[in-house]
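Have a look at the structure below, then the notes.
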Amino acid sequence: MAILDEQKEEPGHPHIIGFEREEPRMAGTVEVALRWRASHDERVRSFANSQPTDGGTHEGGFRDGVAAAVHRIRTRAAAADCDGSRP
């Protein structure tokens, strides 16, 4: 996550969302760090086996997963707004 702290541009949000998980099925560790930027441009940096990747299935799968998670959270929040369970 240190690479996000080194960015020269202004972040859109001050906090970095990050997590790390050991995954025995792949005999390795998954580390994810996200930061919203003030820019409308997307910037994704991915690594596999500590080597930078240039697009491909790692980045495609990551994008799909983030989009699905954001959509699911927003759908649940909208449902909670509609049924009055949120203040």
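The values are calculated or read from the model by the stated rules, or taken from the named source; none is laboratory data. Because the structure is predicted, anything quoted here is derived from the model rather than measured. Because the Cβ atoms are built from the backbone with ideal geometry, glycine has one as well, and the counts that use them run over all protein chains shown. The protein model used for the area step is the full one, side chains on, heavy atoms only, and it has no ligands, DNA or RNA in it. Shrake-Rupley method; radii C 1.70, N 1.55, O 1.52, S 1.80 Å.
A compact table of results
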| item | result |
| --- | --- |
| Spin-label model distance (nm) - ARG37 vs HIS15, 7 Å beyond Cα toward Cβ | 2.2 nm |
| For ASP41, solvent-accessible area (1.4 Å; no DNA, RNA or ligand), Å² | 110 Å² |
| In nm, spacing of pseudo-spin labels at VAL70 and ASN49 (7 Å Cα→C-beta vector) | 3.1 nm |
| FRET efficiency, 1/(1 + (r/R0)^6) with R0 25 Å, evaluated for ASP81 and MET26 via beta carbons | 0.05 |
